[in-house]
Structure formats: C-alpha cells, structure tokens
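Shown next, in structure tokens, is the structure this report addresses.
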Amino acid sequence: MTMHRRDFLRAGSAGFALAAAGCAWMPGAAPKARVAVVGGGFGGATVAKHIRLLDSSIEVVLIEPNEAFVSCPISNMVLGGFKTMADITTSYAGLARHGVRVVRDTATAIDLEKKQVRLARGDAVAFDRVVVSPGVDFIWEQLPAMATAEAQARVLHAWKAGAQTLELRRRLEAMPEGGVYVLSVPEAPYRCPPGPYERACQVAAYFKARKPRAKVLLLDANADVTSKGPLFKKAWADHYKDIIEYRPNSKAVDVDWRNSTVKLEFADVKADVLNVLPPMKAGTIAAPYITANRRWCEVDWTTYESKAAKGVHVLGDSLQIAPAMPKSGSMANGHGRVCAAAVVALLNNEAPNPSPTLINTCYSMVSDKLAIHVASVHKYDEKDRTMKAVPGSGGVSSGASEVEGAYTMNWAANIWADALA
Ligand SMILES: Cc1cc2nc3c(=O)[nH]c(=O)nc-3n(C[C@H](O)[C@H](O)[C@H](O)COP(=O)(O)OP(=O)(O)OC[C@H]3O[C@@H](n4cnc5c(N)ncnc54)[C@H](O)[C@@H]3O)c2cc1C
C-alpha cells in the first residue's frame, strides 16, 4: 500500500514530537487519531494539554502564530505600572513536554472535505477532529473611520494582550499631567465584562500616584456597569472620586482618529489618550461556524461540537454564551477541559459526559493590592440543552480587600499552569 505524503508527515511528525518530549509512545507508532487545535489561548492551550493527559495515543497539533502566550487577565496591571509583560507571558514549552506539537503559524482555512487546516506559511495539518478557539475579532464596520490599518494603529484597543498593551502604557506615561484618558466600552456581550471597569481603576491608580490632576473618562454604551456594578462604584467613590467619571448610555458610533476624538450618538469627546474597545465577534477563522446574531458560534454544550459543522469543536470567547455565562479566561479554560474529555470519548467510541459543569471566578484588581470577585457555577440542563447558572451557587465579594488581591495572583498562576504547564 502506498503511503501518502500527508500520512508520512503525520507518522513522522508525531513520532518526532513525542520522542522529543520523552513520552512512552515510540517514534513511528501510528497515532490513534490526530486533533488539530487552532489558537493557543485559554481555550486552545487547555484542550490541547488535557487531551494528551487523558489519552496519550491521540496526537495533538496546536496552531498559534504567537511565540508565547500573553495573558489578558492581569494585563490591566501592566497599564497601571504594577506588573510587567514578563509577568503575564508564558512559554509554550510546557505543552511540548506533554507531547503537543506546537506549530507557529496562522490558520487561514479549515477544509472539512479534506479534513485539513490550511496555514499561512507551512504545510496543511490533517486532522480527525478540529478544535477552534481563536478568541474575538472586532466589528470595525460599526466604527467606519476605523477601517484602515493607519486608524487602528492610532487608536488602540489593547484588548488582546501584547504589543498594544505596552504601547498604551507608553502613551499613558507620555500623557501630560492634567490630561484626559478616555475609555470607550461597547454594548455587551464583549470579552471580559468587568475588564473595562478594572482598566479604569488601574489607570486611575497610576494617575493618583503620578499625575493627580489627570482624569479617566469611562464612556459606556451600556445603561450601567455590566459586572460587579456596586463593587466597582464603591471602589471609584472610595479611591478615585475626583479621577474617574462614569457616563453610561454613551455608545461610540465612530472615531475621528486624526483628532483623537470619539463620536457618540449626540456628542464628540476629545481625549489626550483615546482607548476604544470596538464591538466584538467570534475570531475570523471561526466565521463559517457563526450561527447566532451574525457574531457568535453555537455548540452542543456536552461536546462543544459546532451546530454548523460535524467534527469541528468551538471554545472560548467565540461562543454564543449561555445565560449568565461571561466571556472569560476562567470559562474558556473550563470549556477546554470539558471539550478535551468529550473529544477523547468520541475518538474512543465512548459516550461523552451527558452532564458537564463549569465554574467561573472572575477577579478584578481595583488598585495595586485590592481586588473584588464574582463567582458562579453552570450546569448542563438536559431539557433545554443549555448551560444554566446553579441558583445560590455563586456570589460576589463583600468589598475590596488585600486578601482577594493575593487570591487574584494565585488564581492567575493556577489557570496559566492548568492551561500551559
Ligand atoms: C484586559 C482584559 C482583562 C481580562 N481579565 C480577565 C480575568 O481577570 N479573568 C478572566 O477569566 N478573563 C479575563 N479576561 C478575558 C480572557 O482573556 C478571555 O476570555 C480569554 O482569553 C478567552 O480565551 P480564548 O481561548 O477564547 O481566546 P484567547 O485567549 O484570546 O486565545 C485565542 C488565540 O487564538 C489565536 N488565533 C486567533 N486566530 C488564529 C488563527 N487564524 N490561527 C491560529 N491561531 C489563531 C490567537 O493568537 C490567540 O492566541 C480579560 C480580557 C481582557 C482583554
């Protein structure tokens, strides 16, 4: 029988990766199956590692363009000047130690007929099942003047941690004393509901220490703070009374980027440093699996298999959320664990767990040391085929505390390790 180049690559690459990783699986031994994972963030890294932990005879290839994982959680503290990029960066070496083959490339298409992920630079990656966890992309059409690369370089979002996080910090440092930092928040749902309010606190903490006459103006498209509202408002009143101004019902409709001005429905607001979070949708590579509001992907919550395509699983922020489910790293990590177990079951001709549970804890640092949290438990409802928050299972902090600040750092270290170590 002739061995196709693809099959050769499959056996060869798998044998090499696992031999390099020191695993028991012998070079050249045929893998049971191959899973391709697109995106090495919270969802993708978790599913890749946990498939290998559950069944080391399944080959896993993770496709990710970035050299290392940079965490959005804690990235607001880089803006505050309390953490560095090194503090929020983790190498992919831990995944390689589990026998995951990490391919540094961008997926350009998923060919379901050929069962291949096509890459921008390298050879296509064949798969038996594919998991897609590309996070969010932005709906620039809703801010028409922001369509060009030049505009996007001038007005930052810093909502994907990395180069923009550093550049925004640089601009805040360069902003003159007495200047105004404007943060524009889109209508929910968007990545990390409390993230913008935490960002306002972090920037305000920096101003309080270094530029006490500077202001943070929070322009929120929503009618009220979308997460931990009373706790954030108390933190603003207690610590940043003359620094943070909150304006609800202030939806951005465009940006005059040449003049650092955000255009609201009935007013224009000029900033010294302008930070606009555009409306969001599923990451572009997941576009064929978008089934809800032309923005998000629906799945079977027991397997994370797309409602639009068999054999394709979607995780993380790209999903159409179930009721009361935030778009968070905590959730994406949970999706990755449940999906890993389901994919392993399916590839072993077993039934996936019919009743998965997810737990979310979301901390927000309101200063360099003080934090608040919200937590919830979500259980699969077999009748309605969706995840539902378990009544009475969740809760919020009674107030900001240093103890919670320490928990926040523990939470981050734990989730980075669960996904990547
Ligand atoms: C400022 C901020 C603070 C936050 N704080 C918290 C917090 O405290 N707690 C919390 O739980 N969550 C927090 N979040 C939310 C959290 O970061 C996201 O919910 C989480 O990252 C979602 O995981 P994901 O796997 O869906 O996407 P990501 O983690 O963004 O991973 C997506 C990956 O896919 C890759 N990718 C995209 N397209 C392709 C392609 N075509 N080919 C290959 N790879 C591709 C990207 O490079 C990226 O690495 C915060 C977010 C922000 C912005």
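The values are calculated or read from the model by the stated rules, or taken from the named source; none is laboratory data. These numbers were taken from a predicted model, which means no experiment stands behind them. Because the Cβ atoms are built from the backbone with ideal geometry, glycine has one as well, and the counts that use them run over all protein chains shown. SASA here: full protein model, heavy atoms, side chains in, ligands and nucleic acids out. Shrake-Rupley method; radii C 1.70, N 1.55, O 1.52, S 1.80 Å.
Within segment 27-130, which helices (runs of 4 or more DSSP H) (wholly inside it) include 2 or more residues that are within 10 Å of the ligand (Cβ to nearest atom) and at pLDDT 95 or above? Outline the logic, then answer.
On the way: elements: 42-54, 75-80, 93-97.
It comes to 42-54, 75-80.
Restricting to strands (runs of 3 or more DSSP E) lying wholly in segment 300-386: which have 1 or more residues that are of a type in the set (D, E, K, R), surrounded by 21 or more Cβ atoms within 10 Å (Cβ to Cβ) and without any contact (Cβ under 8 Å) to a residue 40 or more places away in the chain?
Passing ranges: none, list empty.
Of a type outside the set (G, A, S) and farther than 30 Å from A204 by Cα - does that describe any residue in segment 70-88? Don't jump to the end; show me each part of the working.
Just the residues of segment 70-88 that are of a type outside the set (G, A, S), to begin with: 70, 72-74, 76-79, 82-85, 87-88.
From what's left, farther than 30 Å from A204 by Cα: none.
Within segment 70-88, not a single residue is of a type outside the set (G, A, S) and farther than 30 Å from A204 by Cα.
Looking at segment 39-60 only, could you name the residues that are closer than 9 Å to A340 by Cβ, open to solvent by 10 Å² or more (accessible area, probe 1.4 Å) and within 21 Å of the chain's Cα centre (by Cα)?
Across segment 39-60, the qualifying residues are K49, H50.
So that you can scan it fast, the table gives a plain yes or no per residue for (1) on the phi < 0 side of the Ramachandran plot; (2) surrounded by fewer than 17 Cβ atoms within 10 Å (Cβ to Cβ):
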residue: H98; (1), (2): yes, no
residue: K115; (1), (2): no, no
residue: D128; (1), (2): yes, no
residue: A153; (1), (2): yes, yes
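Give me the pairs, please: first residue somewhere in segment 130-146 and charged (D, E, K, R), second residue anywhere and in a helix (DSSP H, G or I) and surrounded by fewer than 21 Cβ atoms within 10 Å (Cβ to Cβ), beta-carbon distance under 9 Å, and either six or more positions apart or on two chains.
Going by the 9 Å Cβ cut-off, the qualifying pairs are D137/T284; D137/A287; E141/A147.
If I filter segment 329-352 for residues that are of a type in the set (G, A, S) and at pLDDT below 95, do I get at least one hit? Even if it seems obvious, please write down each step before you answer.
Quick first cut of segment 329-352, residues of a type in the set (G, A, S) only: 329-330, 332, 334, 336, 340-342, 345, 351.
Remaining after also requiring at pLDDT below 95: none.
No, segment 329-352 contains no residue that is of a type in the set (G, A, S) and at pLDDT below 95.
Of the numbered conditions (1) away from the ligand (no atom under 14 Å from the Cβ); (2) in contact with a strand residue (DSSP E or B) (Cβ under 6 Å, 6 or more places away or on another chain); (3) of a type outside the set (D, E, K, R), T291 satisfies every one except a single condition; which is it?
T291 satisfies every listed condition except (2).
May I ask you to list pairs of residues, at least six apart or on different chains, whose Cβ atoms are under 8 Å apart, with the first in segment 244-266 being modelled with pLDDT under 95 and the second being surrounded by fewer than 20 Cβ atoms within 10 Å (Cβ to Cβ) and of a type in the set (A, V, I, L, M)?
Sorted first by the residue in segment 244-266, then by its partner, the pairs are E265/V253.
Between a residue in segment 191-211 that is under 17 Å from F232 (Cα atoms) and any residue that is outside any helix (DSSP H, G or I) and among the acidic types (D, E), which pairs come within a Cβ distance under 9 Å, given they are 6 or more apart or on different chains?
P196/D220; Y197/D220; Q202/D368; A205/D368
Got a sec? Which of N76, N66 is closer than 21 Å to S328 by Cβ and out of contact with any Ser or Thr (no Cβ under 9 Å at 6 or more places or on another chain)? Spell out how you get there, then give the answer.
Values: N76 fails: out of contact with any Ser or Thr (no Cβ under 9 Å at 6 or more places or on another chain).
Sole residue among the options that is closer than 21 Å to S328 by Cβ and out of contact with any Ser or Thr (no Cβ under 9 Å at 6 or more places or on another chain): N66.
Got a sec? Which helices (runs of 4 or more DSSP H) wholly within segment 156-265 have at least 2 residues that are more than 28 Å from A324 (Cβ to Cβ) and within 21 Å of the chain's Cα centre (by Cα)?
On the way: elements: 163-174, 195-210, 229-239.
Fully inside segment 156-265 and qualifying: 163-174.
Among the residues of segment 266-283, write down those that are in a strand (DSSP E or B) and either more than 26 Å from the chain's Cα centre (by Cα) or of a type in the set (A, V, I, L, M, F, W, C) (or both).
Residues of segment 266-283 that are in a strand (DSSP E or B), as a first pass: 268-270, 273-276, 280-282.
Passing the criteria: D268, V269, K270, V273, L274, V276, M280, A282.
So V103 clears everything in (1) open to solvent by 20 Å² or more (accessible area, probe 1.4 Å); (2) touching a His at 6+ places or on another chain (Cβ under 6 Å); (3) aliphatic (A, V, I, L, M) except one condition, right? Which one?
Among (1) open to solvent by 20 Å² or more (accessible area, probe 1.4 Å); (2) touching a His at 6+ places or on another chain (Cβ under 6 Å); (3) aliphatic (A, V, I, L, M), the lone unmet condition for V103 is (2).
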